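J.: Can you keep this structure in mind? I'll have questions shortly.
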Amino acid sequence: MLKGIAASSGYAQAKVYRLEHPVLIIEKRDANSEEELSKFESALESTRTDIRNIQAKAANKLSEEELAIFDAHLEFTNDPGLIDQVIAMINSDSVNAEYALDFVANTFITMFEAMEDAYFKERAADIKDVTYRIKSHIMGIKLSDLPLIDEPVVIVAYDLTPSDTAQLDKEFTKGFVTEIGGRTSHSAIMARSLEIPAIVGVTGVLEALEQDQMIIMDAIEGEVITDADAETSAKYVSLAEEYEAYRESLKTLKDAESVTLDGHHVEIAGNIGNALDVDAVLENGGEGVGLYRTEFLYMESKALPTEEEQYEAYKVVLEKMEGKPVVVRTLDIGGDKELDYLPLPHEMNPFLGYRAIRLCLDRTDIFRTQLRALIRASVYGKLRIMFPMIATVQEFKDAKALYQEEYDKLVAEGVAVSNEIEVGMMMEIPAAAILSDRFAKYADFFSIGTNDLVQYSMAADRMNEKVSYLYQPLNPSLLRLIKLVIDGAHKEGKWAGMCGEMAGDPIASPILLGLGLDEFSMSATSILEARKVIRSLNFAEMQTLAEQALDCDSMPEVIALMEENLA
Ligand code: PEP
Ligand code: MG
């Protein structure tokens with residue numbers, strides 16, 4: 001049995017599918033030109049076959065526009081500009097095919113990347129994609145192709161990138177297990193929104209598991225069971241059935257109010273990464289979107305999304321929510337989220353570095369485009385905008401000023417905009433939380449990002465499973481910070497929500513309720529259970545319990561206190 005962190009609940013039994021993105025080490029060698037030419041030719045042919053297969057598989061899942069990318073890739077394998085140069089180099093320099101291809105492709109990539117036009121930047125990404133595949137064929141290294149999976153599997157990987165997760169087919173992907181990561185790493189968050197069981201931070205999993213080996217995932221306990229006998233396997237089948245029945249029973253609460261026994265109302269909302277996730281929020285009875293992580297829009301594109309593309313995306317989300325509030329967070333890139341087409345300098349501590357609002361206040365061109373798209377979309381629903389990673393009051397003021405400039409420009413241009421947009425901020429840096437009463441004079445609302453607030457308070461990287469024991473949202477120090485934020489907001493008549501993973505943790509909700517949290521935003525799949533918990537509690541009692549929790553020494557003490565009082 002292998003142990004990890006249960007990141008998205010559920011059970012699964014299926015064959016292992018190892019997902020690997022091998023790094024190709026290209027060395028220059030003297031070689032026989034004829035042999036290398038024939039390797040190159042057959043690698044081109046295999047690449048064309050791969051692309052056609054992936055395209056056929058993806059045919060009913062992707063838009064016309066997305067499918068056209070594969071045509072561009074196919075064309076590229078026939079592009080004389082590239083092919084002829086590679087052939088010439090193999091002939092004249094007698095070098096190995098992968099080296100010649102790498103050399104020639106890099107000259108194109110460098111040239112396209114240097115161009116301002118988004119179209120050419122996308123071509124650079126295409127060339128990288130296709131040549132990676134051709135080189136792997138030349139070198140005889142097998143690539144994993146998620147879209148080609150056509151039987152039930154559990155994906156086993158070092159980590160999953162957002163583009164990997166975007167390609168997962170729910171029909172065949174029964175779960176995933178990764179070597180690194182914690183409950184709040186982004187692959188875990190994506191798994192919850194896809195409702196796929198996931199276990200992360202399983203040290204040694206890639207070494208322990210072989211391709212096609214049958215495994216059982218217990219993503220409640222965070223266990224991967226190998227070599228199960230018939231009895232164990234049957235036990236997990238029935239556990240899975242019970243779990244499904246419990247999930248089903250929660251559905252009766254879909255349209256129920258989120259209100260305590262003594263009549264205190266809160267709002268329970270959902271976190272989304274794209275417009276498709278809105279469906280799950282609505283199906284689970286979400287009263288709004290409390291966090292739209294717009295960086296996924298950027299990560300799923302091959303170049304910076306244009307104002308028009310963003311406007312369309314935000315409009316769809318606002319329309320689907322039909323007047324329910326939608327909190328859209330401006331670009332939060334950096335940390336564990338990267339953009340291929342926007343290379344960031346390598347940093348010693350990316351989570352402490354050039355990230356989120358820091359980047360946006362520097363690259364105001366990127367920021368202004370997003371703000372304009374948002375403001376234009378505001379007429380389609382109830383928009384709330386928030387800035388991530390605010391550390392100082394000045395940063396908030398600067399971001400708000402840019403927002404106001406774009407707002408005024410649009411009004412002057414005669415564009416229809418809403419006059420009820422709220423502009424708030426994430427509370428995820430301790431310095432800001434401590435000063436929340438000052439921030440509350442300028443921001444319309446706060447949303448507490450405990451994933452980051454915990455990592456910064458505890459000085460424990462959220463991606464590092466070795467220090468994941470320090471992910472202690474119920475530590476009294478965190479509870480005191482959360483209280484500061486809520487009280488700071490209320491003092492100025494503002495509201496405070498939470499969109500970090502803690503908000504959806506049924507163990508934490510009684511205390512958060514008692515501390516006065518107004519809005520709880522979580523993975524769609526956690527909404528109904530959260531509502532069930534809120535409806536079973538008495539607000540006045542939870543206020544007393546929260547006070548007591550603030551006076552504990554440790555997280556275990558807080559948990560013991562709750563167990564005593566909530567039995
Ligand atoms: C958080 O930090 O709690 C948060 C919600 O933002 P993200 O997980 O995207 O950093
Ligand atoms: Mg964050």
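The values are calculated or read from the model by the stated rules, or taken from the named source; none is laboratory data. Everything quoted here is computed from the prediction, not taken from an experiment. Counting neighbours? That spans all protein chains shown, and the Cβs are built from the backbone with ideal geometry, glycine included. When the accessible area is computed, the model is the full protein with side chains, heavy atoms only, and any ligands, DNA or RNA have been set aside. Shrake-Rupley method; radii C 1.70, N 1.55, O 1.52, S 1.80 Å.
J.: If you count, for each residue, the other Cβ atoms within 10 Å and average over each peptide, how do 513-524, 437-448 line up from highest to lowest?
T.: Working: 513-524: 24.7, 437-448: 21.2.
Most protected by this proxy first, the peptides run 513-524, 437-448.
J.: Using only the Cα atoms of region 1-147, what do you get for the radius of gyration and for Dmax, in Å?
T.: Reported Rg and Dmax, both Å: 18.2, 58.
J.: Kindly report the accessible area of region 146-251 per residue (heavy atoms of protein chains, probe 1.4 Å, no ligands, DNA or RNA), in Å². Could you put the intermediate results ahead of the total?
T.: On the way: 4620 Å² over 106 residues.
Heavy-atom accessible area per residue stands at 44 Å².
J.: Another one. Using only Cα atoms, what is the ratio of the radius of gyration of region 408-543 to 2.2 N^0.38 Å? Provide the component values of the computation, followed by the final result.
T.: Values: Rg = 16.6 Å, N = 136, 2.2 N^0.38 = 14.2 Å.
Output field value: 1.17.
J.: Given axes a ≥ b ≥ c from the Cα gyration tensor, I'd like to know whether region 61-163 is rounded (a/c under 1.5), prolate (a/b larger than b/c) or oblate. Intermediate values should be presented prior to the final figure.
T.: Numbers: a/c = 2.07, a/b = 1.37, b/c = 1.51.
Note, shape of region 61-163 comes out oblate.
J.: Right, something else. Run the Debye formula on the Cα coordinates of region 146-251, all scatterers equal and no solvent, and tell me log10 I(q)/I(0) at q = 0.24 1/Å.
T.: -1.51
J.: Quick check on packing: order 198-209, 252-263 by the mean number of other C-beta atoms within 10 Å, highest mean leading.
T.: 198-209, 252-263
J.: Rounded to two decimal places and with Rh computed the Kirkwood way over Cα pairs, what is Rg over Rh for region 169-229? Write down the numbers at each step before the final one.
T.: Working: Rg = 11.5 Å, Rh = 12.1 Å.
Ratio of gyration radius to Kirkwood radius: 0.95.
J.: Can you compute the modelled spin-label distance between Asn464 and Ala560, with each label point 7 Å from Cα toward Cβ, in nm?
T.: In this crude label model, Asn464 to Ala560 measures out at 2.9 nm.
J.: Can you quote the Å³ per residue value for the convex hull of the Cα atoms in region 318-417, rounded to an integer?
T.: Values: hull volume 11.4 nm³, N = 100.
Cα-based convex hull of region 318-417, divided per residue, equals 114 Å³.
J.: How big is D for the chain, in µm² s⁻¹ as a whole number, if Stokes-Einstein is applied with the Kirkwood radius of its Cα pairs at 10 °C and 1.306 mPa s? Could the numbers behind the result be given before it?
T.: On the way: Rh = 25.5 Å.
Here the translational diffusion coefficient equals 62 µm²/s.
J.: Considering region 267-566, what Rg and Dmax in Å follow from its alpha-carbon atoms?
T.: In Å, with Rg to one decimal and Dmax whole: 18.8, 61.
J.: Within 10 Å of each candidate Cβ there may be at most 13 other Cβ atoms; applying that plus a DSSP loop requirement, which GluC sites (Glu not before Pro) in region 407-456 survive? Please report the intermediate quantities before stating the final value.
T.: Details: sites: Glu413, Glu420, Glu422, Glu428; in loops: Glu413, Glu420, Glu428.
When the GluC sites (Glu not before Pro) of region 407-456 are filtered for loop state and at most 13 Cβ neighbours within 10 Å, Glu413, Glu420 remain.
J.: Over the chain, what is the mean sequence separation of C-alpha contacts under 8 Å (at least six apart), divided by residue count, expressed as relative contact order in percent?
T.: Numbers: 1068 pairs, mean separation 82.8, N = 567.
Once divided by the residue count of the chain, the mean separation gives 15 percent.
J.: Something else now. Can you give me the Cα centroid spacing of region 262-299 and region 160-206 in angstrom?
T.: Answer, in whole Å: 20.
J.: Using Cα positions and a limit of under 27 Å, work out the lysines in reach of Lys441, with same-chain residues fewer than 8 apart set aside.
T.: Lys324, Lys382, Lys397, Lys400, Lys409, Lys483, Lys491, Lys494
J.: Cα centroid distance between region 485-543 and region 234-259, in Å?
T.: Result: 22 Å between the Cα centres.
J.: So how strong a dipole does the chain carry about its Cα centre when Lys and Arg Cβ are +1 and Asp and Glu Cβ are -1, to the nearest 20 debye? Provide the component values of the computation, followed by the final result.
T.: Details: 53 positive and 98 negative charges, 260 e Å.
With Lys and Arg at +1 and Asp and Glu at -1, about 1260 debye.
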